[in-house]
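Data first, discussion second: the structure below is written as C-alpha cells.
The values are calculated or read from the model by the stated rules, or taken from the named source; none is laboratory data. Remember, predicted model here, so these are calculated numbers, not experimental data. Positions of Cβ are backbone-derived with ideal geometry, glycine not excepted, and every protein chain shown enters the neighbour counts.
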Amino acid sequence: MGHAASHQFSTTPAQVMAACDVVRRFCAGAHADPEATHVLTLCVEELGANIVNHAFAGSPSGIFRVQLSEDAGVLQLVLSDSGPAFNPLDLPPPDLDGELEDREVGGLGVHLVRSLADTVTWARVGEENRVTVRVRRSLASTPGPNPQVKEGSPS
Amino acid sequence: MSLDINVTYAPDPQDTATIALVGSLDTETSDQLSHAILPVMDRVRTLVLDLERLHFLSSAGIRVISIARKRMREKSGAVLVVNMQPQIAKVFEIIKALPGMTVFTSVKDLDEYLTRLQEKYRLQ
C-alpha cells in the first residue's frame, strides 16, 4: 500500500471544493498524472455535490468523509455519508440527445463519474452510503476498462 | 479554487460581450456565474465564453451554460465558446454537448466569425 489519507467535511458546497483540494494534493503526492488527477477531482466534486444537495438537501449540518489510498498504481477514493440509503449508480442514464439546453436536467454528474472512472461501486455499510471510485494513476498512457460494478443493497 | 468572471463588451460589434472565466466553475461557484451572466445576456445578442483559463468544470457549471444557451436562443442570440482546455472539452464530449456548440479554437477564428455575423445582422 502506498499513500493513504482520511478527511471529514461538512455538507456545504465550499467543503466539497475543500475535498477537491485534498484530492489534488493527494494525487500530487501519489505522482498521479494530470488526467488522473482531474478525473479523481471531478469524481469527488460530483459525488460530494450529490451528497450535499440530495442526501442532506442543502443542510450544512451533515458530514461526509473522504478516504484516499493508492496501491499498485491505482488511486482509490471512498466517499461515505450518513444520509438515507441511496445508490447513485441506480439513477437512470441522463438525456444526452439533442441540444444541451433542450434536455431533461439531472444525472450528468453521475454520468461523468461513471464515464471517467475505471470502476465505481456503491455499498450500504451500517448506516452509511459508501461510494468507491478507482482510477489508474497514469491515464495518459493506455485506455482501460470501464466496468460498472454495483455492490450491496439498501438496508 | 475560485472563479473570476471578467466581462468585456465589444465596441464593435456592440451587441457582443465576452465573459472570460478564470479558475473553477463548480458546485460552489456556479451561482456566482448565474448571477453575473443575467445582466450581460440582457444587453447583447452574442455572448462569448472565453474558457482559456477555466481549469475545472463540473455538471453544476454545465447547467449554468445550458440555461444561458436557452435564454440567448429565446432572444435569437447565441452563445459561442473559445479557447477550451482539453479537460474541459472532455467533459463536454462525454455529455455529448459538443455537436450543438459553436466552439472556436482561437480568438482569430472567433473574430472572423463575429465580423461575418455582424455583416449578417446589418443586412437584416
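Looking only at the range B:62-86, filter to residues that are more than 12 Å from every other protein chain (Cβ to nearest Cβ) and part of a strand (DSSP E or B); which one of those is nearest to the chain's Cα centre (by Cα)? The qualifying residue nearest to the chain's Cα centre (by Cα) is B:80. Within the range A:10-26, the presence of a residue that is under 18 Å from residue B:29 (Cα atoms), surrounded by 15 or more Cβ atoms within 10 Å (Cβ to Cβ), touching a Leu at 6+ places or on another chain (Cβ under 6 Å) and within 11 Å of chain B (Cβ to nearest Cβ) is excluded. Are any of the residues in the range A:64-83 modelled with pLDDT under 95, part of a loop (DSSP other than H, G, I, E, B) and farther than 24 Å from residue A:138 by Cα? Among the residues of the range A:64-83, at least one is modelled with pLDDT under 95, part of a loop (DSSP other than H, G, I, E, B) and farther than 24 Å from residue A:138 by Cα, which makes the answer yes. The set of residues from the range B:39-61 being part of a helix (DSSP H, G or I) and either more than 14 Å from every other protein chain (Cβ to nearest Cβ) or surrounded by fewer than 21 Cβ atoms within 10 Å (Cβ to Cβ) (or both) comprises B:39, B:40, B:41, B:42, B:43. Can you name the residue in the range A:43-63 that is surrounded by fewer than 24 Cβ atoms within 10 Å (Cβ to Cβ) and touching a Phe, Trp or Tyr at 6+ places or on another chain (Cβ under 9 Å) and, of all such residues, is farthest from the other protein chains (Cβ to nearest Cβ)? In this case the residue turns out to be A:63. Restricting attention to the range A:94-105, the residues that are farther than 12 Å from residue B:94 by Cβ and either at the interface with another protein chain (Cβ under 7 Å from one of its Cβ atoms) or hydrophobic (A, V, I, L, M, F, W, C) (or both) total 4.
Every residue, every condition in (1) buried (at least 19 other Cβ atoms within 10 Å of the Cβ); (2) of a type in the set (Ser, Thr, Tyr), yes or no:
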| site | (1), (2) |
| --- | --- |
| B:4 | no, no |
| B:10 | no, no |
| B:18 | yes, yes |
| B:21 | yes, no |
| B:26 | yes, no |
| B:32 | no, no |
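Please find, among A:108, A:91, the residue that is under 23 Å from residue A:59 (Cα atoms) and more than 7 Å from chain B (Cβ to nearest Cβ). Checking each option against the conditions leaves just A:91. Within the option set B:44, B:48, being within 15 Å of the chain's Cα centre (by Cα) and free of Cβ contacts under 8 Å to residues at least 60 places away in the same chain holds for one residue only, B:44.
Going through (1) within 22 Å of residue A:114 (Cβ to Cβ); (2) within 9 Å of chain A (Cβ to nearest Cβ); (3) without any contact (Cβ under 8 Å) to a residue 24 or more places away in the chain one by one, residue B:89 falls short only on (2). The listed residues are A:79, A:112, A:40, A:89, and the only one of them that is of a type outside the set (Asp, Glu), within 12 Å of the chain's Cα centre (by Cα) and surrounded by fewer than 20 Cβ atoms within 10 Å (Cβ to Cβ) turns out to be A:89. For the range A:97-109, enumerate the residues that are touching a residue at least 12 places away in the same chain (Cβ under 8 Å) and surrounded by fewer than 17 Cβ atoms within 10 Å (Cβ to Cβ). Within the range A:97-109, just A:106 meets the criteria. Looking at the structure I just gave you, is residue A:125 more than 14 Å from chain B (Cβ to nearest Cβ), under 20 Å from residue B:57 (Cα atoms) and modelled with pLDDT of 95 or more? It is false that residue A:125 is more than 14 Å from chain B (Cβ to nearest Cβ), under 20 Å from residue B:57 (Cα atoms) and modelled with pLDDT of 95 or more.
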